[in-house]
Each structure stands twice: as C-alpha cells, then as structure tokens.
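Report on one structure; see the data block that follows.
The values are calculated or read from the model by the stated rules, or taken from the named source; none is laboratory data. Fair warning: this is a prediction, and the values are worked out from it, not measured in the lab. Don't worry about glycine lacking a Cβ; one is built from the backbone with ideal geometry, like all the others, and counts go over all protein chains shown. Remember, those area values only see protein heavy atoms, side chains included, never the ligands or the DNA or RNA. Shrake-Rupley method; radii C 1.70, N 1.55, O 1.52, S 1.80 Å.
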Amino acid sequence: MSKGLPKRSEDYSLWYNELVKKAGLAENSAVRGCMVIKPYGYAIWERMQRVLDDMFKATGHSNAYFPLFIPKSYLSREADHVEGFAKECAVVTHYRLKATEDGVTVDPDAKLEEELIVRPTSETIIWSTYKSWVQSYRDLPLLVNQWANVVRWEMRTRLFLRTAEFLWQEGHTAHATAEEAIAETKQMMEVYAEFAEKYIALPVVRGVKTPKERFAGALDTYCIEGLMQDGKALQAGTSHFLGQNFAKAFDVKFATKDGGLEYVWGTSWGVSTRLMGALVMAHSDDEGLVLPPKLAPIQVVIVPIYKGEEQLAQISEKVLKLKKELEAKGISVKYDNRDTERPGFKFAEWELKGVPVRVAIGNRDLENGTAEVARRDTKEKSTQQFDSLTDYIPALLDEIQENIYSKAFNFREEHTTKVDTYEEFKEVLETKGGFVLAHWDGTSETEERIKEETKATIRCIALESPEEDGVDMLTGKPSKQRVYFAKAY
RNA sequence: CGGGGUGUAGCGUAGCCCGGUAUCGCGCCACAUUUGGGAUGUGGAGGUCGUAGGUUCGAAUCCUGCCACCCCGACCA
C-alpha cells in the first residue's frame with residue numbers, strides 16, 4: 001500500500017479513481033471497460049443488496065431470474081426502446097470456437113440463426129415472458145425483481161460510475177390500471193430515496209425527468225438525484241412508468257372483471273453499482289473513504305498497542321470480550337492484531353478504508369481502565385471508560401450516520417442556488433457548481449440549447465417544489481415551476 | 001467513436017530529444033532493534049522497458065501497427 005492520496009481540491013477525478021483502487025473497492029480488468037469488484041467493495045455492495053432486497057420484499061415483490069441473452073428481434077419491438085439502446089449492445093453471433101495452431105478462432109460454421117443480445121436491460125425478455133403469465137385481472141399485479149448483471153457498451157468508462165458491465169437490480173411490474181402502475185412507480189422511487197438517505201446518508205431530490213432525459217420506452221421517469229462533493233449531480237436511481245408500451249409491443253393483455261380485454265400497465269425500476277460511486281463521492285475525504293456505519297462492512301476496528309507478548313495477551317483478553325458484546329448488538333468488529341504492522345500504519349490503513357470507529361487500547365489504558373475512541377467522520381479522538389464502550393459505540397455509530405447525512409445535506413443546501421437570469425446561471429455553474437434552480441419554458445429546444453452552451457442538464461422537475469410563476473431565463477416564455485439544473489455524471 | 005496524453009519491478013518514477021542491456025523511492029524477503037499516528041539499520045530478491053513488427057552491428061530510446069489507461073468532446077445510468 002503506497003501512502004498518500006491525491007487531494008480532492010487539486011484533481012477530483014484522480015482522487016476518486018485512486019481512492020477506489022487504494023481502498024480496495026475495485027480495479028480495472030483485462031477487459032476494456034469492465035471492472036473487478038474486490039472483496040471489500042463487494043462487501044459494501046452486498047450490504048446494499050440486503051437492505052434493498054428487504055425493502056422490495058416488504059413492498060410485496062419477489063425475486064426471479066431471466067436470461068442474460070435476448071433474441072435480437074425482441075429489441076426492435078418497442079421503437080423508442082431500440083433507439084435508446086441499439087448503439088451500445090454486445091451481440092453474440094456464434095456458439096463455438098475451434099482450435100488453430102496459435103490458439104482458438106471463431107468457428108464460421110457455428111453461426112447463430114438468430115443473433116443474441118447481451119441484455120442492456122431486460123424489459124423485452126421479461127415482457128415476452130409476461131405474455132404467458134398474464135391472462136386475467138386475477139394474475140395482477142405482477143411484482144417481480146431480479147438481481148443481475150447487464151452490459152452497455154460504453155465508450156468512456158469509470159469505475160462504478162460507468163462501466164461496460166455492471167450489477168444492478170431491475171424490478172418489472174404489471175398492473176391492471178394506469179393509476180396503480182403510477183403508484184408503484186412513485187412508491188419505488190420513494191424506496192430508493194429512503195435507502196439513499198437512511199443508508200448511504202445521501203440526501204436526494206425526488207423528481208421527474210424531462211422527456212429528453214427519460215428512459216427509452218417510458219411515459220414518465222422518476223428519479224432521485226444526489227449531489228457530489230465536486231458540485232456535480234449524480235442520478236442514483238430511476239423508476240419508470242411504462243404505460244402500455246411494452247404490453248402492446250409484446251401483446252400482454254388481461255381479461256377484466258367485466259369481461260373486457262385490455263393491455264396491462266407496466267413499470268420498471270433499478271439501481272446499480274453506481275451507488276458505490278455515489279457513496280464514495282458523497283462523503284469521503286483526502287485521507288480516504290468515509291463509510292456510513294449502516295453500510296460499512298467493518299463498523300469498528302480495534303487496534304492493540306503493546307510491547308511484548310504478555311501485554312498483547314492482556315489486551316486481547318479484554319478486546320475479545322468487548323468484540324463479543326458488540327457483535328451481540330449486531331455491530332461488525334475487526335480486531336486488528338497483526339503483529340506485522342505498527343499501530344500508526346494500521347490507523348492510516350483503516351482510515352483509508354473508511355471504518356467509522358476505531359478503538360485503540362494500550363498499556364496506559366489497561367492501567368486506567370480506558371480506551372481511545374476515534375471517529376472517522378470528524379477525526380475526533382476521545383478517551384472513554386472501557387466498560388462504557390458497549391453502550392458508547394452503538395450510540396456513536398448512530399451519531400456518525402446522522403452527522404455525515406447532515407454534512408451532505410448542508411453541502412447540498414449551500415450548493416443549491418436560485419437564479420433568474422442566464423448570466424447568473426452560467427456564473428453559478430462556473431464558480432460554485434451544484435444544483436441551480438431556474439425557470440424553464442418546458443421545451444426540449446431550450447433544454448438542448450442550455451446543455452450545449454453550458455454542459456448543464458435538467459436533472460429533474462422536483463416533486464416537492466412549489467408552483468411559482470416566472471419566465472424562462474433564456475427565452476422569456478412563461479413558466480410555472482423552477483427545475484433542477486446541474487452538470488452531471 | 002474524434003482530439004490530446006501516458007505505458008519502464010507489486011505501486012510511483014528517472015532515462016527517450018542525442019541508440020551501447022535500466023535510475024530512484026515505496027512495497028516485498030531475512031535478521032536485529034522497535035511498537036500511543038504511515039519505524040530504523042544491515043543484507044537480499046524482483047525487469048519479455050504495454051504488445052507486434054521494422055530500421056540498425058546494437059533499440060526502453062528511432063519508425064509503423066495494435067492494446068490498455070487517463071483527460072477533453074459526442075453518447076449514456
């Protein structure tokens with residue numbers, strides 16, 4: 001492990017890339033654009049999965065699994081959908097290799113009759129399946145989720161934020177009425193928002209995408225948008241109301257109570273390993289990761305400070321008891337008793353890895369019945385009575401979780417600016433970044449022009465934002481509501 | 001996919017312009033002394049110089065193709 005991380009203030013991108021690698025979250029692989037998620041990074045993802053999965057189950061969803069490969073013809077069934085994904089699909093054309101002098105080559109005789117697409121998302125294969133699952137209103141609603149990998153052949157990739165292959169979950173539901181499907185869409189957006197705020201400790205704006213930004217094939221795309229420390233926005237989750245688009249494309253109809261035959265209404269929603277990027281960029285600092293306790297694979301690390309076997313034995317005895325007590329309270333504890341590293345090195349290493357709480361115990365503490373407790377978020381150190389730790393640490397973890405949330409919340413508040421003129425708009429984007437609240441005339445033309453001139457896009461039309469009469473900062477046309485602009489990931 | 005940059009030991013690098021078999025730091029291994037914020041000393045191991053070809057008596061160095069990564073654009077979660 002080499003020491004030192006680039007400073008956020010000097011090169012934010014480099015800081016992010018180095019941090020992800022040095023903290024042991026992920027690294028680039030032999031395959032262009034694809035990453036290896038390392039054990040420590042995957043442990044965080046597993047925690048996210050577990051929490052989200054419980055939330056999905058609690059809202060009535062069940063998991064299932066659909067194939068990685070999608071017949072090429074399926075993609076073309078829904079016009080907008082094809083257009084959205086066609087440019088970034090991996091295609092399987094053959095099913096066999098044959099040996100040659102210098103290795104293997106694709107066997108030209110083993111050409112697939114119909115080529116297969118590696119799923120960029122699963123709407124088409126799932127809706128083609130739903131056709132046979134749905135006949136009657138009694139089969140509805142259909143509430144299914146799958147945890148899977150998907151492939152989008154991206155030209156420019158970054159660890160977690162945009163990779164050619166990524167892990168995600170995609171929920172796909174079918175309903176008897178539009179109202180119910182819309183309620184589902186909003187509900188799942190709210191599940192995501194709650195997850196982001198309570199677990200990632202990332203405050204998010206709940207909103208609707210503009211037609212230009214919404215999912216290909218959807219009638220409406222709801223989203224949650226977070227703000228990163230460099231002032232750029234990051235879309236952390238999306239939930240789509242698909243209307244009857246896919247039902248029509250795949251002929252999914254149901255018999256209604258009164259004997260009619262209607263197309264079902266659909267939704268789809270997903271979050272991906274991109275959340276890992278959000279987690280890193282929302283809280284971490286120049287010393288390394290800062291993990292919210294609720295997602296940290298290791299919540300407490302205990303470092304012994306000793307001279308000789310005898311002292312270590314004495315310390316270990318007390319520490320192992322403490323470890324057990326904390327674990328009984330559901331806290332994950334690592335006792336770093338490696339004899340090969342010195343305490344200072346361990347401190348730095350666990351800070352890099354973002355462990356929320358560190359406890360150090362040395363000879364002095366043994367004599368005094370104390371321990372040194374350091375919190376990662378503020379780097380404050382304090383001396384506590386050893387016997388109080390089983391109560392002190394759980395409370396401290398809660399406090400850290402809250403503190404990093406409010407820090408992120410305050411940052412967002414400070415970096416959300418209302419502007420009324422285009423000059424101001426450009427100035428804010430250049431000098432301070434963040435969300436910019438401005439009036440917009442509702443046309444894609446204006447949106448496009450602003451994007452071209454400033455690189456900023458409309459992140460969303462916030463659900464909670466009040467109606468307010470105003471005029472578009474660019475065209476002067478009337479507007480009833482401010483929308484969120486930002487430069488985005 | 002377009003423009004720019006980079007690729008030398010596990011990591012970070014010097015050398016490249018001006019061709020002669022590779023520098024330094026961290027890390028690694030051994031031993032000793034150490035251990036309350038990234039230890040110190042001594043000794044040691046580790047290299048197809050991204051890759052394939054070309055020029056040359058000789059290539060890390062010059063030329064060409066390819067690959068990967070980074071930055072900027074277009075596209076996108």
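Could you say whether any residue in the stretch A:380-398 is more than 24 Å from A:LEU5 (Cβ to Cβ), touching a helix residue (DSSP H, G or I) at 6+ places or on another chain (Cβ under 9 Å), near RNA strand B (Cβ under 7 Å from one of its atoms) and open to solvent by less than 40 Å² (accessible area, probe 1.4 Å)? Looking through the stretch A:380-398, none of the residues is more than 24 Å from A:LEU5 (Cβ to Cβ), touching a helix residue (DSSP H, G or I) at 6+ places or on another chain (Cβ under 9 Å), near RNA strand B (Cβ under 7 Å from one of its atoms) and open to solvent by less than 40 Å² (accessible area, probe 1.4 Å).
Remark: A:GLU27 falls outside the filter, which requires a residue to be within 14 Å of RNA strand B (Cβ to nearest atom) and within 18 Å of A:GLU351 (Cβ to Cβ). Within the stretch A:202-226, the set of residues being more than 12 Å from RNA strand B (Cβ to nearest atom) and either of a type in the set (Asp, Glu) or not in a loop (DSSP other than H, G, I, E, B) (or both) comprises A:VAL204, A:VAL205, A:ARG206, A:GLY207, A:VAL208, A:ASP220, A:TYR222. Selection of helices (runs of 4 or more DSSP H) fully inside the stretch A:28-132 by the criterion of at least 3 residues being modelled with pLDDT of 95 or more returns A:39-58.
To keep it simple, each residue is scored yes or no on (1) touching a Pro at 6+ places or on another chain (Cβ under 8 Å); (2) over 25 Å from A:MET281 (Cβ atoms); (3) aromatic (Phe, Trp, Tyr); (4) surrounded by fewer than 17 Cβ atoms within 10 Å (Cβ to Cβ).
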position: A:SER122; (1), (2), (3), (4): no, yes, no, no
position: A:ARG138; (1), (2), (3), (4): no, yes, no, yes
position: A:PRO141; (1), (2), (3), (4): no, yes, no, no
position: A:THR157; (1), (2), (3), (4): no, no, no, no
position: A:LEU161; (1), (2), (3), (4): no, no, no, no
position: A:ALA164; (1), (2), (3), (4): no, no, no, no
position: A:LEU167; (1), (2), (3), (4): no, no, no, no
position: A:HIS172; (1), (2), (3), (4): no, yes, no, no
position: A:GLU179; (1), (2), (3), (4): no, yes, no, yes
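With respect to A:GLU351, determine if the residue is touching a Gly at 6+ places or on another chain (Cβ under 6 Å) and either modelled with pLDDT under 95 or outside the structural domain of A:ARG47 (by TED's automatic domain parsing) (or both). So A:GLU351 passes the test.
Of the numbered criteria (1) within 20 Å of A:PHE409 (Cβ to Cβ); (2) in contact (Cβ under 8 Å) with a residue 12 or more places away in the chain; (3) in a helix (DSSP H, G or I), the one A:VAL428 fails is (2).
Looking only at residues in the stretch A:258-278 that are surrounded by 24 or more Cβ atoms within 10 Å (Cβ to Cβ) and more than 16 Å from RNA strand B (Cβ to nearest atom), the one that is nearest to A:LYS294 (Cα to Cα) is A:GLY266.
Looking at A:LYS7, A:LYS38, A:LYS22, just one residue is of a type outside the set (Ser, Thr, Tyr) and over 22 Å from the mean Cα position of the chain (by Cα), and that residue is A:LYS7. In the set (1) open to solvent by 10 Å² or more (accessible area, probe 1.4 Å); (2) within 12 Å of RNA strand B (Cβ to nearest atom); (3) in contact with a Leu (Cβ under 8 Å, 6 or more places away or on another chain), the condition left unmet by A:GLY344 is number (3).
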